[in-house]
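Here is the structure we will look at.
The values are calculated or read from the model by the stated rules, or taken from the named source; none is laboratory data. For clarity, every value in this text was computed on a predicted model and none was experimentally measured. Methodologically, a virtual Cβ is constructed for each residue, glycine included, from the backbone with ideal geometry; neighbour enumeration extends over all protein chains shown.
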């Protein structure tokens, strides 16, 4: 408050150093007061200044009072002289001697008996005079300053001070600012008279204590949502263990197909074989593979029950689609269906940054009378539009259980090229007709992986950071909500 | 998908024009090929072995083209060019014909009965007066290799041998002998070896060692001799050096030995149709006679043309276009399927050449018409299929529960369904025999030995991989484990589990216990001994003694919770106390879901579907279900309808916000139009 009164008196403002000397307190106390006043808002405005001045060092102060070393040498020599050895015993002797010699204040008689003897000449102690000048605040010539600085008698000091002027809400009386609104203030209405400390809006807030959903599962939720929006019903895919029959044979995938190799598929040793099959259907599947039928030449090979019985970890969710379509065919009357699933599938593959032994397959299936290839492309167009992908084109491809088969490509604006985003096709009659579906029913289907769009969405390059125990939990904590179309 | 490498300039020369890379890529895309890579021999060597090795290599530009796995006719330059030229209407598909030898006798291959034990089938043919160049020769060798890798299934189904016919003399004998009795100078070796010696010689051969297993354990090995006892080949391993072909070879004898006759015929047809192009009479192939042990004879190659009839309407209807019959015939002809309208209505006769064994059904022909029409020229349409969506009940419950568990402060983890035996047994202080785990017979590493029977190891491993994260770590997972179950057709089933852990400086049993209470609250189960849930002390080697409890819901055990045993914590390389909870969530589904949950093979019985197709208004409504009893009482009674009406007063659907099977079944259960007073039922 003393400071404020001074500021009030001074018209153009005051320097904090002057304030300190006039009130008679340490400058640091004033600096502290300035800072706390600043935090109160616009009571004062303070501009930092720095000034430089020269000060005597401790040695300089000693010299200013007692004279320079060389002057003290001069003073200590009596008229009859002094032996050099005596002089050197004095504290200032050594430094003072050489300076006094070069100033020609003293002379040495080396031939004097009893060793060199020193006699006084005359003296003018300029060093002391200069130091006294500095102490009184006067300026010296650069040359002199440097000479004294070199002798560590002078030092240049920077002093930081504030230039204090009145602020827009200047007042000489201080009211204490409140940090937070309290229930009492609300109850008594005292908040109306209080001043509140301003918030620092630059700082971050306190992170909420919360749980998080896994990014891959967030994307799964969105895909489920899209299918449900499109009227697709979810298939029961909670059966990781599947027989080769449903995984391959029912899909008209021949028994020598490379996908059925040990290198690509996980086989089970326990339980090694499946035991229950719909017998008449199984016979029809066997026939269509080995002999053909339903308008097909078949693959003409020796179809073996033992191969079909082998249990595996399903390599695709299409195994479940096959079970569902078979079930549909057992209805008294066919009804059109739209099915989807998103679940795990397993491949005995070599692992790398983009391949794992298990991943999630997204699959959509539509079964109805008279579906066309144009319908498949139309449904895919609608599906991918919901993912925010509108530019699509289709490439002829091969898949053992679909004909026609189409790879779905979308134009990637970033890469400036077409990239494959999914696979699709029309299930072969050799798959559908043995199930007992009506001949004029077509089934269109498509599939893609869940991991790839998720990695693109969340900018993850290594699949192991996303799926499995090596996940980076910080990434899980930090991942935003998933809107696929934005 | 096989990849074929062709030299760009030779390809363009054969195609009669050049393309920019983009243009060629576009052409491939349209035709169903993929220009996978543009490279050179030099680039490949420098990438694989370093720049220094590549210095002398050719920098002629190579196109690597991905070919669909069923198109054996496109596996070499000759086939690719032929296919694309016909597709672009620049060439008519050639007609392949089998001819008798102009001079001398037909070549004969006699199969002896010994082959039955190892590789019973063989087919053969002769390419007469062929002119090889370096490029043609390389392509000829390369095609054999591609066929071996693909349709031949790494030579296990079929193996091809090609020989300079002028160095050998028929008739040839295909027999099988004990390995010690076979001795010859194999291709590119300078001395004779017995078959047994060869097998050990090739053990270290980077290429051939992959085929040894096919015959290794057989008592007899297949071998082909000429009439002078010269060994042509020991299929499926190696040919003899004596009959090897070279650039100057004029007449080629091709034999294919096989365990699958159909595939052998296909392979022979592909070989001769591709390379008869270079014979003095192009596209003619000299026949060979194969004599079976029973004396039966067959003439090969088959080179069979098959005729199919279909209608233009069929193609239009399946593809979703409306092209005149004439145009469809032209489209098919461009795919090497020579087609003509028969004049009877919109009937088209399609001829399938021997190069297209992939065409086995009318749908394959339909696809070719669609490719020639251009997939991307087909108008995209919306199917008129009307359906109501249902969620799979266990997934619906999982989705809802996940959200609220995250809201309870736990973070979702996502772990692998496959793991090591150690993870689910030893590390948890259990014996593998107690786990009901399914075992994988061919895991590449220990990480894939079994399917998990518990979600706990995955969560503990997740914590171990995230030790740097601030404590406490609160994690959960709702996912499937797999258990052996003899009542299922495959002998195993999934079980949906919920697992959570709390990892901190103190065990925090109360935290996990609190999460259980919250979960039960979410699942509408009260804390009560009889008609609710309770926990009671249990012994479990995974948990610290005296710190484990079993969770009972309506008197049935659904899982356990407790403080983990210090040994379990250390085995997962963790150092802090940890409490955990794992339980089944399927018991909370309620009875609506039970029918859908099973994976038993469905019986051959009718399942009533309640939703008539849109536009099928004349169709009689499905018969009402046998029982009209629901949770709202019997819907035949007025009281029951009243209860349902009250229930629906603030709801549009029976379950959640999505119309479901439950709605349909309730709707079915209402015998007739409800009276106006019960207006909520009208929705």
It is to be established whether one or more residues within the stretch B:435-446 are crowded, with 24+ Cβ neighbours inside 10 Å and touching a helix residue (DSSP H, G or I) at 6+ places or on another chain (Cβ under 8 Å).
yes
Tell me the residue from B:367, B:399, B:351 that is within 22 Å of residue B:307 (Cα to Cα) and within 11 Å of chain A (Cβ to nearest Cβ), please.
B:367
Residue check, residue A:338 at pLDDT 95 or above, under 24 Å from residue B:384 (Cβ atoms) and facing another protein chain (nearest Cβ under 9 Å)
yes
Lone qualifier among A:453, A:434 - being touching a helix residue (DSSP H, G or I) at 6+ places or on another chain (Cβ under 6 Å), touching a residue at least 40 places away in the same chain (Cβ under 8 Å) and either surrounded by 21 or more Cβ atoms within 10 Å (Cβ to Cβ) or outside any strand (DSSP E or B) (or both):
A:434
Can you name the condition, by its number, that residue A:284 falls short on among (1) in contact with a strand residue (DSSP E or B) (Cβ under 9 Å, 6 or more places away or on another chain); (2) closer than 29 Å to residue B:261 by Cα; (3) crowded, with 20+ Cβ neighbours inside 10 Å?
(3)
Somewhere in the stretch A:265-274, is a residue at the interface with chain B (Cβ under 7 Å from one of its Cβ atoms), buried (at least 16 other Cβ atoms within 10 Å of the Cβ) and in contact with a helix residue (DSSP H, G or I) (Cβ under 7 Å, 6 or more places away or on another chain)?
yes
Out of (1) under 15 Å from residue B:256 (Cα atoms); (2) surrounded by fewer than 17 Cβ atoms within 10 Å (Cβ to Cβ), what's the single condition that is false for residue B:119?
(2)
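For every residue, the table says whether it meets (1) surrounded by fewer than 20 Cβ atoms within 10 Å (Cβ to Cβ); (2) over 13 Å from residue A:403 (Cβ atoms); (3) free of Cβ contacts under 8 Å to residues at least 24 places away in the same chain.
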site	(1), (2), (3)
B:354	no, yes, no
B:358	yes, no, no
B:364	no, no, yes
B:369	no, no, no
B:374	yes, yes, no
B:380	yes, yes, yes
B:389	yes, yes, no
B:392	no, yes, no
B:399	yes, yes, yes
Out of A:380, A:387, A:373, I need the residue that is more than 7 Å from every other protein chain (Cβ to nearest Cβ) and either surrounded by 20 or more Cβ atoms within 10 Å (Cβ to Cβ) or without any contact (Cβ under 8 Å) to a residue 60 or more places away in the chain (or both). Which one?
A:380
Single residue of A:365, A:345 found to be in contact with a strand residue (DSSP E or B) (Cβ under 7 Å, 6 or more places away or on another chain), crowded, with 22+ Cβ neighbours inside 10 Å, free of Cβ contacts under 8 Å to residues at least 40 places away in the same chain and over 25 Å from residue B:322 (Cβ atoms):
A:345
Output for the stretch A:390-421, where each listed residue is within 10 Å of chain B (Cβ to nearest Cβ), in contact with a helix residue (DSSP H, G or I) (Cβ under 9 Å, 6 or more places away or on another chain) and either free of Cβ contacts under 8 Å to residues at least 60 places away in the same chain or surrounded by fewer than 19 Cβ atoms within 10 Å (Cβ to Cβ) (or both):
A:392, A:393, A:394, A:395, A:396, A:402, A:403, A:404, A:405, A:406, A:409, A:418
Residue count, the stretch B:461-489 (criterion: more than 7 Å from every other protein chain (Cβ to nearest Cβ), touching a strand residue (DSSP E or B) at 6+ places or on another chain (Cβ under 7 Å) and in a helix (DSSP H, G or I))
1
Confirm whether residue B:108 is out of contact with any helix residue (DSSP H, G or I) (no Cβ under 6 Å at 6 or more places or on another chain) and either in a loop (DSSP other than H, G, I, E, B) or without any contact (Cβ under 8 Å) to a residue 12 or more places away in the chain (or both).
no
Picked from the stretch B:69-90 (must be farther than 15 Å from residue B:143 by Cα and in a loop (DSSP other than H, G, I, E, B)), the residue nearest to the chain's Cα centre (by Cα) is B:88
Looking at the stretch A:212-223, can you tell me whether even one residue there is more than 21 Å from residue B:476 (Cα to Cα), touching a strand residue (DSSP E or B) at 6+ places or on another chain (Cβ under 7 Å) and either more than 14 Å from every other protein chain (Cβ to nearest Cβ) or not in a loop (DSSP other than H, G, I, E, B) (or both)?
yes
Is there a residue in the stretch B:157-177 that is without any contact (Cβ under 8 Å) to a residue 24 or more places away in the chain, over 40 Å from the mean Cα position of the chain (by Cα) and surrounded by fewer than 18 Cβ atoms within 10 Å (Cβ to Cβ)?
no
Number of positions in the stretch A:377-396 that are assigned to a helix (DSSP H, G or I) and touching a strand residue (DSSP E or B) at 6+ places or on another chain (Cβ under 7 Å)
6
In this structure, is residue B:305 within 32 Å of the chain's Cα centre (by Cα) and away from chain A (no Cβ under 13 Å)?
yes
Collect the residues in the stretch B:343-360 that are outside any strand (DSSP E or B), within 23 Å of residue B:324 (Cβ to Cβ) and under 30 Å from the mean Cα position of the chain (by Cα), keeping them in residue-number order.
B:359
Counting just the residues of the stretch B:147-180 that are in a helix (DSSP H, G or I) and in contact with a helix residue (DSSP H, G or I) (Cβ under 8 Å, 6 or more places away or on another chain), which one comes out modelled with the highest pLDDT?
B:147
Report, by residue number, each residue of the stretch A:181-212 that is closer than 30 Å to residue B:403 by Cα and touching a residue at least 40 places away in the same chain (Cβ under 8 Å).
A:212
Quick check, is residue B:418 in contact with a helix residue (DSSP H, G or I) (Cβ under 6 Å, 6 or more places away or on another chain) and buried (at least 20 other Cβ atoms within 10 Å of the Cβ)?
yes
Boolean, residue A:433 is at the interface with chain B (Cβ under 9 Å from one of its Cβ atoms) and under 17 Å from residue B:362 (Cβ atoms):
no
Can you give me the number of residues within the stretch B:332-357 that are under 22 Å from residue A:296 (Cα atoms) and in contact with a strand residue (DSSP E or B) (Cβ under 8 Å, 6 or more places away or on another chain)?
16
Looking only at the stretch B:523-558, how many residues end up being within 20 Å of residue B:430 (Cα to Cα), in a loop (DSSP other than H, G, I, E, B) and under 43 Å from the mean Cα position of the chain (by Cα)?
3
